1. Which one of ASN148, TYR23, MET46 has its Cα pushed farthest toward the positive end of the charge dipole of the chain, where Lys and Arg give +1 and Asp and Glu give -1 at the Cβ?
2. Given 37 °C and 0.692 mPa s, compute D for region 5-47 with the Stokes-Einstein relation, Rh being the Kirkwood radius over Cα pairs; round to the nearest whole µm²/s.
3. Between their Cα atoms, which of LYS108/LYS168; LYS9/LYS51; LYS94/LYS169; LYS3/LYS188; LYS83/LYS169 are more than 23 Å away from each other?
4. Which value, in debye to the nearest 20, gives the size of the charge dipole of the chain about its Cα centre, when Lys and Arg are +1 and Asp and Glu are -1 at the Cβ?
5. So what is the 222 nm mean residue ellipticity for the chain from helices alone, if each DSSP H run of at least 4 adds -39500 (n - 2.57) and you divide by all residues, rounding to the nearest 500 deg cm²/dmol?
6. Solvent-accessible area of ILE197, probe 1.4 Å, all protein chains present, reported in Å² to the nearest ten, please.
7. If you count only protein heavy atoms and use a 1.4 Å probe, how large is the accessible surface of ASP182, to the nearest 10 Å²?
8. For the chain, report the translational diffusion coefficient in µm²/s to the nearest whole number, using Stokes-Einstein at 10 °C, 1.306 mPa s, and a Kirkwood Rh over Cα pairs.
Amino acid sequence: ITKHNILIKDIGQIEEAVSKAFYIANTGRPGPVLLDIPKDVFTSKMQYEPKLEYEFESKSKFQFDDFADKQACEVAELINSAKRPLIYAGGGVKIAEASNSMFQLALKAGIPVVNSLMGLATIDRGHQLSLGLVGMHGSREANLAVTNCDLFIAIGARFSDRVIGDPKKFAQKANIIHLDIDETEIDKNIETYLSYIC
């Protein structure tokens, strides 16, 4: 249930472990990190001399140029051939500060946008392309758009049960493209036509 956990076996490891925990929690897809500090370590004492900076290696494999070279043409072809494409923007769009890029794609291709709860505000709700919240708490127009789309582009969003309901009935007419930073979300609840870890 955590993104990562660290067992601290020595009091001297605490400072680095706390720094690493904050780094892991805030890079990639944000998530909780557990610091497991046994009682004997927690109650022990030491002379503390702060080391204020630690460097941790990023595990991100994504290179935008790689995506542009290898997959962008395939995605563009699917968008160009779709009659009723739809973008599903999640919280990952907001976290990545990619709302403007997503909006420019929607605007250029004339693609309506639906949002997860965490993805609200990635597009101005007053804009004609914004259909609002999707899923069990979503708007009628957003859910009808999902039912009738022929290309469903999920960006920075997971397919939670509140969004998809019955997986066998979700976007049945659509090819699904899933772009996400968390590879464990790909094909977890909904089988995709194309997926990219970004």
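1. Most positive-ward Cα: ASN148.
2. Numbers: Rh = 11.0 Å.
In µm²/s, the coefficient is 299.
3. Values: LYS108/LYS168 31 Å; LYS9/LYS51 19 Å; LYS94/LYS169 28 Å; LYS3/LYS188 17 Å; LYS83/LYS169 20 Å.
Too far apart for the 23 Å limit: LYS108/LYS168; LYS94/LYS169.
4. 780
5. Calculated mean residue ellipticity at 222 nm is -8500 deg cm²/dmol.
6. Looks like 70 Å² after rounding.
7. Near enough 30 Å² of accessible area.
8. Numbers: Rh = 18.9 Å.
For the chosen part, D equals 84 µm²/s.
The values are calculated or read from the model by the stated rules, or taken from the named source; none is laboratory data. All of these numbers come straight from a predicted model, not from anything done at the bench. Cβ sites come from the backbone with ideal geometry, for glycine too, and all protein chains shown count toward neighbours. Ligands, DNA and RNA are stripped out before the accessible areas are found, and what is left, the full protein with its side chains, is counted by its heavy atoms. Shrake-Rupley method; radii C 1.70, N 1.55, O 1.52, S 1.80 Å.
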